[in-house]
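Chemist: Handing you a structure now.
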Amino acid sequence: MKTSLRRLSLFIDSPFAAPLLLALVTVLAYGLLIPQLGFYWDELPMSWIRYELGPDAMARYFSTNRPVWGLLYQLTTRILPQSPIYWQVFGLFWRWMSALLVWAIIRDLWPGRRQLALIVSLFFLLYPGFNQQWTAYLYSHFFIVLSFFLFSILCMLWSLRFPRWYWPLTILALAFSALNLWMLEYFFTLEFFRPFVIFYFVFSFEHLKSFWPRLRRTILLWIPYLLVFLADVYWRLFVFNNTVYQPALIPKLKAAPLATLAGLARTIFSNLYTVSLAAWGQVFQFPNPVVDGPRTVIYYLIVVLLTGLLAAFFLFANRSPDNEHPRINFWPIGLGLIAMLAAGGPFWLAGLDITLAYPASRFTLPFMLGVSLLLAGLLEFFPVRVRLGIVSVLILLAAGRQALWADDFRRDWNTQKTIFWQMFWRAPGIAPNTIVLLNDGAFQFYADNSLAAALNWIYDPGNRSNAMDYVLFFPTSRLGGSLQGFEAGQPVTYDFISEIFRGNTSQVIAFYYQPPGCLRLLDPEIDSQNRFIPDATRMREAAGLSSSAWITPDETARMPKIYGPEPARGWCYYFEQADLARQMGDWQRVVELGDKAFNLNDYPNDPIERFVFIEGYAHTGNWTRAKELAIASYKVSPNYVSPLLCRLLNRIDRGLPASGEKQTSLNDLRTRFSCLP
């Protein structure tokens, strides 16, 4: 027993313990749900462009903003297939690798302070300001570039510590610094953190007695890196001009320098609060059993418990000099603040708002290093055991918070799959050049251009041209822009960078999705007055443009493999198929599907979902069943449903030949629903 404990103690003190702990915590916080995750936000169109349209389309996509970064995608996408799980694991690896590099940097800056290095790297790994880890196709490449910067810093420190290898390591550091600078602007001004790291190293480890020799030595060591930085500035100013992000601060400074500087100071203070206190405050947001469900709560508790046990065990069992000789060191605090100030440059220059909301929380990425250093440095003021206790609590809560976000991403992926499977059932084919309108309330992690890629992927498989056959718009996002209004006959052009869509508002289909209800193709006659559809969605207005004429019965659509096997055929399957049969005038098919649907252990979650079956039973002469369903829908909400039922009854009346039974049944229902003549 004593031998086992001694071996365990030796392992915890070994250089392998921290990488293992970081790996275990990475899996617990980010990796448990990855088999159930997919593609999100920009990575949905990006992956579609690369894998479906080809490398040339990917090159066009990056040509206007980050062409060098695009080369990295050309490399990684040749290695990894178009399957979310591969990219989730890939993203997990680079999250761990970046934290490992932070651990190595802190170990090199403060030799012997193993505990400090572990704490900083854990804070960095679980930083709660950034909540988009599972958009892995996209952000794995962010973390690759961040790792380039961190590895450059580490190589630079090694070059100073091992003079014999100074030039090989410096060349390596310069190369990775250049990769960071040329690929992505996010970590661009973090380069200004480098000279302070050099100065600290010179101050701590080189035998120079006064400030000015140290400063002179720092500048000499920094000059090669400064030249690489200036070369990139020249390239960005005179060779390649990013058309996405422009320096909005400079014109403002020219126009009103004092007011602009005052506003900038307020912005910087507010942003630093956001990325530090506000970001870490999110770890105290706990799951709600009523909203999230018991399984999510159990999942959260498992992650919190296991992470807490691991962190506490490694931290308290570590026989670090941090514990034996506790001392206050202001350098982590100072370097942390400098890193935070250096991180914000690209965003303050471009006038971008740094928030914790999705998707703008990506702007917190460059601040991770500085915030982690600052927080770890501030905790040095606490007694050792108190400090380790606080760290353990923060770590377990941060892991739990990230796990809850992972569950949100899982739910959103399921929602997207549900919508497209139901669309596939309702619309097996869609005529080219069709605009699809959809309400945006069902999603957290998708924009309409994200879903436009999936729409083309499904309904135009094999496209290799520069033209898109379909586009999907959220009216709330596009009105007044790409979609000028809800009048027919308006041309619509949408530039997807790699492809261009050209259509017209006379060729539109509009869908509405409000779970747990089914996806519904909006009926212009019914849904233009449907008060179940909130005003804010603008979908009642969109219903006026919608026409099923653009839906074809031929199954030309193909569901991509990433959407998995077809879901179980519940109520929504039969509803979608019945609505398609109604469009084709196949009333017998509608009734057959209705007979099956109403015998399921499932049921409609929207009273309008019964309308297609009311119409079907009426057209086949089963007025008793039609009346039963109409009354059932009416009872859900008489004030909201009765005007819609009256419109439906008018359409049934127009569509059927005169008969006594028809007239008697319609009169009975119109009287019950208070339909106006």
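Chemist: Quick check: anything in segment 604-619 out of contact with any Lys or Arg (no Cβ under 7 Å at 6 or more places or on another chain), of a type in the set (Ser, Thr, Tyr) and either part of a helix (DSSP H, G or I) or over 22 Å from residue 662 (Cβ atoms) (or both)?
Modeler: Looking for residues that are out of contact with any Lys or Arg (no Cβ under 7 Å at 6 or more places or on another chain), of a type in the set (Ser, Thr, Tyr) and either part of a helix (DSSP H, G or I) or over 22 Å from residue 662 (Cβ atoms) (or both), one finds none in segment 604-619, hence no.
Chemist: Kindly provide the set of residues from segment 352-397 that are surrounded by fewer than 21 Cβ atoms within 10 Å (Cβ to Cβ), of a type in the set (D, E, K, R) and not in a loop (DSSP other than H, G, I, E, B), ordered by number.
Modeler: 362, 385
Chemist: Ok, one more. Quickly run through segment 432-442 and pick out the residues that are at pLDDT 90 or above and either acidic (Asp, Glu) or under 21 Å from the mean Cα position of the chain (by Cα) (or both). Can you show your working first?
Modeler: The first filter runs over segment 432-442 and keeps only residues at pLDDT 90 or above, leaving 432-440.
438, 439, 440 - these are the residues of segment 432-442 that are at pLDDT 90 or above and either acidic (Asp, Glu) or under 21 Å from the mean Cα position of the chain (by Cα) (or both).
Chemist: Among the residues of segment 193-212, is any assigned to a helix (DSSP H, G or I), touching a Gly at 6+ places or on another chain (Cβ under 9 Å), closer than 30 Å to residue 30 by Cβ and not basic (Lys, Arg)? Full working, then the answer.
Modeler: Of the residues in segment 193-212, the ones assigned to a helix (DSSP H, G or I) are 193-205, 211-212.
Among the residues that remain, those that are also touching a Gly at 6+ places or on another chain (Cβ under 9 Å) are: 193, 196, 200.
Among the residues that remain, those that are also closer than 30 Å to residue 30 by Cβ are: 193.
Of the ones still in play, those that are also not basic (Lys, Arg) are 193.
Yes, that holds for at least one residue.
Chemist: Can you say whether residue 633 is in contact with an Asp or Glu (Cβ under 9 Å, 6 or more places away or on another chain) and either within 19 Å of residue 533 (Cα to Cα) or aliphatic (A, V, I, L, M) (or both), as far as the supplied structure shows?
Modeler: yes
Chemist: May I pose another question? So, of the residues in segment 494-522 that are among the charged types (D, E, K, R) and surrounded by fewer than 20 Cβ atoms within 10 Å (Cβ to Cβ), which turns out to be farthest from residue 547 (Cα to Cα)?
Modeler: Ranking the qualifying residues of segment 494-522, first place goes to 495.
Chemist: Is it the case that residue 603 is closer than 20 Å to residue 645 by Cα, under 33 Å from the mean Cα position of the chain (by Cα) and aromatic (Phe, Trp, Tyr)?
Modeler: Considered against the rule, which asks whether it is closer than 20 Å to residue 645 by Cα, under 33 Å from the mean Cα position of the chain (by Cα) and aromatic (Phe, Trp, Tyr), residue 603 comes out as yes.
Chemist: Please work out if residue 458 is touching a Lys or Arg at 6+ places or on another chain (Cβ under 9 Å) and closer than 30 Å to residue 564 by Cα. Let's see the steps before the verdict.
Modeler: Numbers: touching a Lys or Arg at 6+ places or on another chain (Cβ under 9 Å): yes; closer than 30 Å to residue 564 by Cα: yes.
Considered against the rule, which asks whether it is touching a Lys or Arg at 6+ places or on another chain (Cβ under 9 Å) and closer than 30 Å to residue 564 by Cα, residue 458 comes out as yes.
Chemist: What residue, of 309, 277, is within 30 Å of residue 17 (Cα to Cα) and under 26 Å from the mean Cα position of the chain (by Cα)? Walk me through how you get there before you give the answer.
Modeler: Working: 309 fails: under 26 Å from the mean Cα position of the chain (by Cα).
Criteria check complete, one pass: 277.
Chemist: Tell me, which residue of segment 1-49 that is of a type in the set (Gly, Ala, Ser) and surrounded by 13 or more Cβ atoms within 10 Å (Cβ to Cβ) is modelled with the lowest pLDDT?
Modeler: Result: 9.
Chemist: Given (1) aliphatic (A, V, I, L, M); (2) over 21 Å from residue 352 (Cβ atoms); (3) in contact (Cβ under 8 Å) with a residue 40 or more places away in the chain, where does residue 249 come up short, assuming only one miss?
Modeler: For residue 249, the failing item is (2).
Chemist: If you go through segment 284-307, how many residues are at pLDDT 95 or above and farther than 19 Å from residue 33 by Cα?
Modeler: Residues flagged as at pLDDT 95 or above and farther than 19 Å from residue 33 by Cα within segment 284-307 amount to 2.
Chemist: Kindly state which helices (runs of 4 or more DSSP H) lie completely within segment 57-169 and contain at least 3 residues that are in contact with a Gly (Cβ under 9 Å, 6 or more places away or on another chain) and either under 22 Å from residue 41 (Cβ atoms) or in contact (Cβ under 8 Å) with a residue 24 or more places away in the chain (or both).
Modeler: On the way: elements: 67-79, 84-109, 114-126, 136-161.
Once the helices (runs of 4 or more DSSP H) in segment 57-169 are filtered for at least 3 residues that are in contact with a Gly (Cβ under 9 Å, 6 or more places away or on another chain) and either under 22 Å from residue 41 (Cβ atoms) or in contact (Cβ under 8 Å) with a residue 24 or more places away in the chain (or both), what remains is 84-109, 136-161.
Chemist: So which residues in segment 253-280 are free of Cβ contacts under 8 Å to residues at least 24 places away in the same chain and either of a type in the set (Phe, Trp, Tyr) or surrounded by 11 or more Cβ atoms within 10 Å (Cβ to Cβ) (or both)?
Modeler: 253, 256, 259, 260, 261, 262, 263, 269, 270, 273, 277
The values are calculated or read from the model by the stated rules, or taken from the named source; none is laboratory data. Being a predicted model, the structure only gives us computed values, none of them experimental. Cβ: placed from backbone, ideal geometry, glycine included. Neighbour counts: every protein chain shown.
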